[in-house]
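Participant: Here it is: the structure, laid out below.
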Amino acid sequence: MDVLEFGLEEATPRALYDALFEACPGALIQQSTWWAEVIQELGPDRPIFLLCQRNGEALGGLPLYLYHGRLGNLLTSVPQAGPLGGVFVRPELAAADIAAVYAALIRTAVEIVERCHAIALNIITHPFEDDLALYQRHLEPHYIFENFTQYIPVESAIVAGTIQMRDSKTRNHLQRNLRRAVEAGLTVTTEATDEEFCEWYKIHCQRHTEIGAQPLDRRLLANIRTVLAPRGKGRFILVKRGNTIASGALFISHVRVADVFMISMNTEFESHAPNWLNITAALHWAAEDGISILNWQSSPNRTGGVYGFKRQWGSLERPYYFVTRLFRPAAEIREWGRDTLMQEFPGHYVVPFGILSDPHQNYFRK
């Protein structure tokens, strides 16, 4: 097997990579070259794509990003908000071939780290593939951070065109909320104007400020709408009353998996359950498009309202992992501290913050 390394502007290898990506229905949009276009305005990351081939046949890929920082460079598959994925492979490969693809791609990634004098290599795993053991074997990470995602299996949620909740309590709760939305005169649209998107972004900023969270960069959300949606890889759903926006949700998708990338509600409409109407519309869209998983992505914790809202939809949990191999002494990174890491590597995962207080632990959980 050989590995081809290329950048976003190299048309010929990119076409090979894109063709492989489209042939992998279980891959995630964050593993595509299109995702690199979405995030390229947000930071000084140079995308480096790896394509594993055997006798001219593309077998697997790995998207990486080289971050140039004052304290050191970082090679990662975890840039900016909402990353997922790591390695992806052709679905029909035998187990031995899959292992060989992972080995070749990870070996090349380590070579790039050494060539670019990076302090660490970080790869985030696919939440719907059980491939942690392959990273442990071939990357030999110093640290593993276990996160979780909630997701809705679309096939069990939409049966014969109607939403099926897991029990009578949640089913009645959904029906009450949808009735409140309808009685309030709320309607759903996927035909948003640029002006409506700008208005929704203001709502996003206001809502995040209200709950004590940092709003996402407008360019990230806008690029999802302009880069991914026209290619059938994203969708923007609005819930409105008349000309007033009650809720907006931005989704990213590829064949089997759609992520609820961001949903933000106008607080004035909270009593009318606009987010319930929005997710109902999203589930129907997912079912119609053959999407099998509606992925909420992670939540800050398992006790807050965000987690609870997702759980009410009958959501299940899956773990996924940040695997880290250091190329700089851990003691030096601990000396920098949390604030310095956040300031010098904005929008990037470097190490589990747990190592700052416990230098002897190497496995962490959210």
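The values are calculated or read from the model by the stated rules, or taken from the named source; none is laboratory data. The structure presented is a predicted model; accordingly, all values stated were derived computationally and were not measured. Cβ: placed from backbone, ideal geometry, glycine included. Neighbour counts: every protein chain shown. Ligands, DNA and RNA are excluded from the accessible area calculation, which covers all protein heavy atoms including side chains. Shrake-Rupley method; radii C 1.70, N 1.55, O 1.52, S 1.80 Å.
Participant: Given the pairs Lys169/Lys310; Lys202/Lys366; Lys169/Lys233; Lys233/Lys366; Lys169/Lys202; Lys169/Lys240, which span a C-alpha to C-alpha distance of over 25 angstrom in this model?
Facilitator: Exceeds cut-off: Lys202/Lys366; Lys169/Lys233; Lys233/Lys366; Lys169/Lys202; Lys169/Lys240.
Participant: Using +1 at the Cβ of each Lys and Arg and -1 at the Cβ of each Asp and Glu in the chain, identify which of Ile291, Ala273, Ala331 lies farthest towards the dipole's positive end.
Facilitator: Ala273
Participant: With every protein chain present, what is the per residue accessible area of the stretch 196-293 (1.4 Å probe, Å²)?
Facilitator: Accessible area per residue: 39 Å².
Participant: Going by a ≥ b ≥ c, the root eigenvalues of the Cα gyration tensor, does the chain fall in the rounded group (a/c under 1.5), the prolate group (a/b larger than b/c) or the oblate group?
Facilitator: Here the chain falls in the prolate category.
Participant: For the stretch 82-112 and the stretch 194-221, what is the separation of their Cα centres, given in Å?
Facilitator: 36
Participant: Once the Cα atoms of helix 330-344 and of the chain are each reduced to a long axis, what angle between those two axes, in degrees from 0 to 90 to the nearest 10, is obtained?
Facilitator: Helix 330-344 sits at roughly 40 degrees to that axis.
Participant: Averaged per residue, what accessible area in Å² does the stretch 294-365 show with a 1.4 Å probe, protein chains only?
Facilitator: 52
Participant: Specify which residue in the list His138, His360, Leu20 is farthest towards the positive end of the charge dipole of the chain, using unit charges on the beta carbon of Lys, Arg (+1) and Asp, Glu (-1), about the Cα centre.
Facilitator: Toward the positive end, the furthest listed residue is His360.
Participant: Still on this model: Could you grab the relative contact order for the chain? Cα pairs under 8 Å, six or more apart, rounded to a whole percent.
Facilitator: Over the chain, the number comes to 22 percent.
Participant: If you count only protein heavy atoms with a 1.4 Å probe, what accessible area per residue comes out for the stretch 2-137, rounded to a whole Å²?
Facilitator: Value returned for the stretch 2-137: 35 Å² of accessible area per residue.
Participant: Let me ask another. Rounded if a/c is under 1.5, else prolate if a/b is larger than b/c, else oblate: which is the stretch 187-300, with a ≥ b ≥ c the root eigenvalues of its Cα gyration tensor?
Facilitator: Note, shape of the stretch 187-300 comes out rounded.
Participant: Just name one of Gln40, Phe88, Ile123: the one whose Cα is farthest towards the positive end of the charge dipole of the stretch 1-139 (beta-carbon charges, Lys/Arg +1, Asp/Glu -1).
Facilitator: Ile123
Participant: Take the solvent-accessible surface of the protein heavy atoms, probe 1.4 Å, and return the percent of it on the chain that carbon and sulfur atoms account for.
Facilitator: Percent of accessible area from carbon and sulfur atoms in the chain: 48.
Participant: A further question follows. Going by a ≥ b ≥ c, the root eigenvalues of the Cα gyration tensor, does the stretch 1-153 fall in the rounded group (a/c under 1.5), the prolate group (a/b larger than b/c) or the oblate group?
Facilitator: rounded
Participant: For the chain, what is the mean residue ellipticity at 222 nm derived from helices alone (per DSSP H run of n ≥ 4: -39500 (n - 2.57); sum divided by total residues; nearest 500 deg cm²/dmol)?
Facilitator: Per the formula, -11000 deg cm²/dmol.
Participant: Still on this model: Once ligands and nucleic acids are excluded and a 1.4 Å probe is used, how much of Met262 is accessible, expressed in Å² to the nearest 10?
Facilitator: Surface accessible to solvent at Met262 totals approximately 20 Å².
Participant: Quick one: compute the contact order of the stretch 211-366, relative version, from alpha carbon pairs under 8 angstrom and 6+ residues apart, as a percent.
Facilitator: So the answer I get is 13 percent.
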